[in-house]
Amino acid sequence: MALKVPRCARCSGGCELKTLPSVSAEEGPLKLTLQGLPVFACAKDHKAPVHGDFMIWLIQQIRAHEAEIPAGKEEGMLFKKHLCGACGKELAGKSERRQAFPFELRYEELAPFKVELDMPLYKCSGCGKEQIRSTKELHSKVPAAMVGINDSAGFPHSG
């Protein structure tokens with residue numbers, strides 16, 4: 001399916017396909033970075049996503065990759081505990097370091113771009129395995145981080 005090149009929503013000028021070198025956003029412990037993100041841009045440098053559903057597609061793709069990240073399990077409603085995903089022992093209360101989890105995505109026939117999820121790692125008190133606190137925590141932060149990506153990219157807000 002060929003992409004339809006739109007007119008600029010702000011100035012009605014002609015748009016062309018470009019890529020953004022790097023855009024980042026942070027939401028809680030998550031730092032989300034996109035490199036080589038395809039966008040439409042006009043001569044006045046107004047930018048827009050390459051498709052109306054692109055950002056929803058991107059959230060779905062990121063969530064599909066969440067299972068590849070080593071993660072603990074969250075227990076408790078009021079007093080949350082984070083347990084090791086491997087052995088079930090409690091994770092350390094403090095993170096010792098952060099780690100980036102990169103992967104590549106491709107939207108339709110466009111060139112691939114890089115996605116990087118950067119999260120703090122917590123060491124298991126039992127087996128010593130490092131992991132993020134929980135996939136649930138990461139999952140809950142992705143949509144809000146995507147709002148920050150929209151802002152960093154300079155996309156217009158709707159309504």
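Roughly how many percent of the accessible protein surface of the chain is carbon and sulfur, given a 1.4 Å probe and a whole-percent answer?
51 percent
Between Leu17 and Asp151, what is 0.36 nm times their sequence separation minus the Cα-Cα distance? Round to one decimal in nm.
Contour length minus Cα-Cα distance gives 46.4 nm.
Taking region 76-115, which chymotrypsin sites (Phe, Trp or Tyr not before Pro) meet the DSSP loop condition and have no more than 16 other C-beta atoms within 10 Å?
Qualifying residues, ordered by number: Phe79.
What's the percent breakdown of Cα-Cα distances in region 1-117 across 10 Å bins, shortest bin first?
For region 1-117, the binned pair fractions read 11, 34, 27, 16, 10, 3 percent.
Could you tell me which trypsin sites (Lys or Arg not before Pro) in region 38-142 are loop residues by DSSP with no more than 10 other beta carbons within 10 angstrom of their beta carbon?
Passing both the DSSP loop test and the Cβ count: Lys44, Lys94.
So if R0 is 35 Å, what FRET efficiency would Lys73 and Leu3 give, r being the distance between their Cβ atoms, rounded to the nearest 0.05?
0.30
Give me the number: length gained by fully extending Lys114 to Lys136, i.e. 0.36 nm times residue separation minus the C-alpha to C-alpha distance, one decimal in nm.
Roughly 5.7 nm would be gained on extension.
Of all DSSP beta bridges located in the chain, what percent are antiparallel, nearest 5?
Taking every DSSP beta bridge within the chain, about 95 percent pair in antiparallel fashion.
Of the listed pairs Lys18/Lys141; Lys47/Lys73; Lys44/Lys136; Lys18/Lys94; Lys18/Lys136; Lys4/Lys136, which have alpha-carbon separations greater than 32 Å here?
Lys47/Lys73; Lys44/Lys136; Lys18/Lys94; Lys18/Lys136; Lys4/Lys136
What translational diffusion coefficient, in µm²/s and rounded to a whole number, does the Stokes-Einstein relation yield for region 25-67 at 10 °C and a viscosity of 1.306 mPa s, taking the hydrodynamic radius as the Kirkwood radius over Cα pairs?
Rounded to a whole number, D works out at 130 µm²/s.
Can you pull the accessible area of Val23 for me, 1.4 Å probe, Å² to the nearest 10?
Counting only protein heavy atoms, the figure is 10 Å².
For region 53-159, state the semi-axes of the equivalent ellipsoid (square roots of 5 times the eigenvalues of the alpha-carbon gyration tensor), sorted largest first and rounded to whole angstrom.
30, 15, 12
Less than 14 Å Cβ to Cβ from Leu91, Lys/Arg counted +1 and Asp/Glu -1: what total charge do the surrounding residues give?
+4
Taking only protein heavy atoms into account and a 1.4 Å probe, give the accessible area per residue of the chain in Å².
56 Å²
What number, rounded to the nearest 500 deg cm²/dmol, is the helix-based mean residue ellipticity at 222 nm of the chain, given -39500 (n - 2.57) per DSSP H run of at least four residues and division by all its residues?
That calculation yields -6500 deg cm²/dmol at 222 nm.
Name the GluC sites (Glu not before Pro) in region 68-127 that are in a loop by DSSP and that have at most 15 other C-beta atoms within 10 Å, would you?
Glu96, Glu108, Glu109
The values are calculated or read from the model by the stated rules, or taken from the named source; none is laboratory data. Every value quoted in this text rests on a predicted model; they were computed, and no experiment measured them. Note: ideal-geometry Cβ built from the backbone for every residue, glycine included; neighbour counts use all protein chains shown. To get the accessible areas, we keep the full protein, side chains included, count just its heavy atoms, and leave off ligands, DNA and RNA. Shrake-Rupley method; radii C 1.70, N 1.55, O 1.52, S 1.80 Å.
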